[in-house]
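Only one structure is covered here, and it is reproduced in the block below.
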There are 2 protein chains.
Amino acid sequence: MPRSEFQFLRDLKDHFNLSRIGDDCAVFPKDESHDYLITSDMLVEGIDFKLEWTRPNFIGHKALAVSISDVAAMGGNAVYSLVSLAVPEKLWNDPFLDTFYEGYSGLARKFETELVGGDISRTDGPFTIDSTIIGIVNKGKAVLRSGANPGDSIYVTGPLGGAAGGLKLLESGTVFSGDLESWKSGLLIRQLTPFPANLNSFDSLPTAMIDISDGFSSDLDHICKASGVGARIYADKIPVERRLRGLQLSTEEKLNLALHGGEDFELLFTADTAKVSEYDGFLFEPIGEITDRTGKIEIVTDEDIEPLDIGGFSHF
Amino acid sequence: MPRSEFQFLRDLKDHFNLSRIGDDCAVFPKDESHDYLITSDMLVEGIDFKLEWTRPNFIGHKALAVSISDVAAMGGNAVYSLVSLAVPEKLWNDPFLDTFYEGYSGLARKFETELVGGDISRTDGPFTIDSTIIGIVNKGKAVLRSGANPGDSIYVTGPLGGAAGGLKLLESGTVFSGDLESWKSGLLIRQLTPFPANLNSFDSLPTAMIDISDGFSSDLDHICKASGVGARIYADKIPVERRLRGLQLSTEEKLNLALHGGEDFELLFTADTAKVSEYDGFLFEPIGEITDRTGKIEIVTDEDIEPLDIGGFSHF
C-alpha cells in the first residue's frame, strides 16, 4: 500500500536527517535579534481549487494566504514572498494572469509582504501554484508544534467549519456573486479568500501552535504527536461557525465540519492557563486541555467521553 | 497576441514596483556581514523533462542543480533548500519518490545544502517540481546582471552546447545507460544531470553575471539589457563542447547549439579586463567585450561582423 503524504514526509525526514522539517515553517538565522521562517505551499487546479468555483484574483489571494498563515502559526510576520506558476496554454492570457496577481498583491499589501521572485513555466496539465513566504520572528521565539505541555489549555483564534461549509455550497452548485444572501457569501469567502489569523500581539503566550489547514482534529493530532502529549476537548466549547445554520445540517454534522473540515486558517494553539490571565484583553476561551496521555485525543460530549476521530484532509 | 514570459515578468515588475525581481535571485538582508539570496525554479514533466528520457534520481538532481546555479550566478553559496512537488497518482510509489530524493540529496550533500521544507500535493496532470534555494553572499557583494561596463571582457566558465547536444541524442531515441560511448554519455550527462558551475574563489572579479539556462545569446541579452550596454563576441572564441563532434553536425550547427542551446548551467560573466590579470591561475579566456552600443549584440566571424540572433528558450 502506498504511504500517505504524512508518512512519506516522516520517512524522508528520518532517512535524510532533516531536523528542520516538521513545523509549519523552517527556522533559519537572521541576526542576533531575529530568525527567519520559510514555508512553501503547492496548490493544484482540480485538487486544491476548481476554476469554475472561484475567480483568478481569489486564487491569487488564497495562494498567498495559506503561506502567510503558516508563518503566523510560528508567531512570525510575512516579509517576502515568491510565487511559481505552471500555466496551461488556455490561461496564458493577460486578464487571467493579471487578475491572479491583483488578488495576490492585494493581500500582500495588507501584510506588507514584498514579492521578490518566483518562476513561470508552461504546463500541459492543471494550473499549479507554489507559494513561498519568508517570515521574521524574534530570535528563538518561533512557536513550534512540539511545545505543548500537560495542563496547557487549548485555544483557536476563530470559528471553525466555515471553509468546509463554503465547499458544500460550491459542491451544490452555488456560485459566488455579490447578490448572495450574506450567510452564503460569508461561507464562500471563508473557503475562497481566507484571511490568515495571527497572534502577534500575544507573542510569548503560545507554547505550541499550528494553523488549521488539514482540519482541527488532524492539526491537533500533529501538535500532540510532536509534543508527545494527549488532549481532551469539549464539544460544547468548539466555536462552530454560525453561518453554517443556513445549511440545515444537524448539530452533529455542523460539529463534524468544525472538527474535520479544514482550511479555516485559524490558529490552533496551546498556552499555560496561568499565564493567560496576565494578558489583559485576551479574548479566547479554552476549548480543552493538554493531557499526559500520549497520543490519546478525547472529546467530551453531553453523554460521554470518547476518542476523537482524526479526519482531516489527506492528498493520498 | 499573448505576451512572452519575459515580457509578462517585466510588466509585472513595473506594475507592482517589484524592485528585487530581475536577477537570478532576490537579495535580502542577513546580518552586518552577509546577505541572503533566494530563487525558485518550476520544472514541469513534458515541458522541462520527459520521464522516458531520464531517471527519477536525475530529475531530483537537476531540480536542485538549476536553482544552485542561480545562486552561483549571484556569487553565492547555496545553504538551504525547499522542494514542492505535485505528484500524479501513477508516480506516487515508494521507488519513484525515494529515488527522486536520492538524486536530490546526493547533490545537496555535495553543496552542503540543507533541505528544510517544501510541500507535496496530488495532481491530475504532469509531475511538477518547484525548487527553492536560499544562498548566502558577502554583504553587498551579490553580482547582478546590471553591472557590466563598456570595455569589460566577457567570459564563460565552461563549454557550451553540450546540454543541447544531449537533447538531440534523446530526441533521436538514445537512452542513457552505462554502456554508451563516452561522448554520448557525456552529452547526456550535461543535459540530464548538469553540475552547477561556480566562481566563488574569484568573488570580487565579475561585474555582472548570469547562469546559462535560456541559452548563451539570450542570457547575454539579459545582461546587456539590464546593464544598458551592448556586446561583441568572437565566434572562434566560443568554447564549443568537443563531444558535439560525435553528432556529425556542420561547424555552424555546432556553433548554433553553443550560442542558443541553453541549459548548460555554465556561468556567463563580465569582468574588468585589467583586474583579471591580478588573479593568478585564472583560467578563462575572454570571448568578447562589452560595448557602449546599447542593445546591440554582434558576433565577429571569419568573414563578417553581424548582429547576433537572440534565440534562447521561451516557454510561450
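Table for the structure above
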{"quantity": "Helix-only [θ]222 nm of chain A, DSSP H runs n ≥ 4, -39500 (n - 2.57) each, per residue, nearest 500", "calculated": "-9000 deg cm²/dmol"}
{"quantity": "Length-normalised contact order of chain B in % [C-alpha pairs under 8 Å, at least 6 apart]", "calculated": "22"}
{"quantity": "Listed residue pairs exceeding 27 Å between alpha carbons, taken from B:Lys110/B:Lys168; A:Lys110/A:Lys141; B:Lys90/B:Lys254; A:Lys184/A:Lys254; B:Lys168/B:Lys225", "calculated": "B:Lys110/B:Lys168; B:Lys90/B:Lys254; B:Lys168/B:Lys225"}
{"quantity": "R0 of 25 Å, Cβ-Cβ distance A:Ser33-B:Glu102: FRET efficiency to nearest 0.05", "calculated": "0.05"}
{"quantity": "A:Arg55-A:Asn77 FRET efficiency (beta carbon distance; Förster radius 25 Å; 0.05 resolution)", "calculated": "0.35"}
{"quantity": "Across the identical copies, how the A:Ala274 labels are spaced - nm, sorted shortest first, 7 Å along Cα→Cβ", "calculated": "7.1"}
{"quantity": "C-alpha center-to-center spacing [segment A:72-138, segment A:251-289] in angstrom", "calculated": "29"}
{"quantity": "Segment B:210-221 - phi-based ³J(HN,Hα) in whole Hz, Karplus 6.51/-1.76/1.60, Gly and Pro as x", "calculated": "7, 9, 7, 10, 5, x, 3, 5, 5, 6, 5, 4"}
{"quantity": "Peptide B:36-48 - average C-beta neighbours from other chains (10 Å radius)", "calculated": "6"}
{"quantity": "Size of the A/B contact, given as accessible area buried on both chains, probe 1.4 Å, in Å²", "calculated": "5300"}
{"quantity": "Average partner coverage of B:128-138, which counts Cβ from other chains inside 10 Å", "calculated": "4"}
{"quantity": "Minimum Cβ-to-axis distance in chain A for the rotation onto chain B, with residue, whole Å", "calculated": "A:Gly125, 1"}
{"quantity": "Chain B - convex hull of alpha carbons, volume per residue in Å³", "calculated": "159"}
{"quantity": "Accessible surface ranking that places the most exposed of A:Thr128, B:Thr294 first, with a 1.4 angstrom probe", "calculated": "B:Thr294, A:Thr128"}
{"quantity": "Selection of trypsin sites (Lys or Arg not before Pro), segment A:65-151, meeting DSSP coil and at most 13 other Cβ within 10 Å", "calculated": "A:Lys139"}
{"quantity": "Kirkwood Rh, Cα atoms: Rg over Rh of segment A:145-307", "calculated": "0.99"}
{"quantity": "Burial of 50 Å² or greater, segment A:58-89 residues [accessible area, probe 1.4 Å, versus chain by itself]", "calculated": "A:Tyr80, A:Leu82"}
{"quantity": "Interchain or long-range residues, amide H under 5 Å from B:Gly158's placed H", "calculated": "B:Leu267"}
{"quantity": "Where segment A:145-307 is the region considered: accessible area per residue in Å², 1.4 Å probe", "calculated": "45"}
{"quantity": "Spin-label model distance (nm) - A:Ser146 vs B:Ser250, 7 Å beyond Cα toward Cβ", "calculated": "6.4"}
{"quantity": "Kirkwood-type radius of segment B:111-232, with distances r between different C-alpha atoms, in Å", "calculated": "17.7"}
{"quantity": "Percent of beta bridges antiparallel (DSSP, segment A:168-316, rounded to nearest 5)", "calculated": "75"}
{"quantity": "In Å, descending, principal axis extents of the Cα set of the protein assembly as shown", "calculated": "93, 51, 49"}
{"quantity": "Carbon plus sulfur fraction of accessible area for segment A:169-316, probe 1.4 Å, in percent", "calculated": "46"}
{"quantity": "Cα convex hull volume per residue for segment B:17-162 (Å³)", "calculated": "154"}
{"quantity": "Reachable aspartates and glutamates, given that their alpha-carbon falls under 13 Å from the alpha-carbon of A:Lys30 and they are not under 8 places away in the same chain", "calculated": "B:Asp31, B:Glu32, B:Asp35"}
{"quantity": "Built amide H within the under 5 Å cut-off of A:Thr123, gap 5+", "calculated": "A:Val87, A:Glu89"}
{"quantity": "Inter-chain shielding of A:27-35 (mean C-beta neighbours from other protein chains, 10 Å cut-off)", "calculated": "3"}
{"quantity": "Approximate spin-label separation A:Lys296-B:Ser182, in nm, with each point projected 7 Å along Cα-to-Cβ", "calculated": "6.8"}
{"quantity": "Reachable aspartates and glutamates from B:Lys50, criterion Cα separation under 13 angstrom, eight or more residues apart if same chain", "calculated": "A:Asp124, B:Glu171"}
{"quantity": "Dipole magnitude of segment A:145-307 about its Cα centre (Cβ charges: Lys, Arg +1; Asp, Glu -1), debye to nearest 20", "calculated": "280"}
{"quantity": "Inter-copy separations for B:Gly106, label at 7 Å along Cα-Cβ, nm, ascending", "calculated": "4.8"}
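The values are calculated or read from the model by the stated rules, or taken from the named source; none is laboratory data. Remember, predicted model here, so these are calculated numbers, not experimental data. Quick reminder, even Gly has a Cβ in these numbers, built from the backbone with ideal geometry, and neighbours come from all protein chains shown. These area figures cover heavy atoms from the full protein model, side chains too; ligands, DNA and RNA do not enter into them. Shrake-Rupley method; radii C 1.70, N 1.55, O 1.52, S 1.80 Å.
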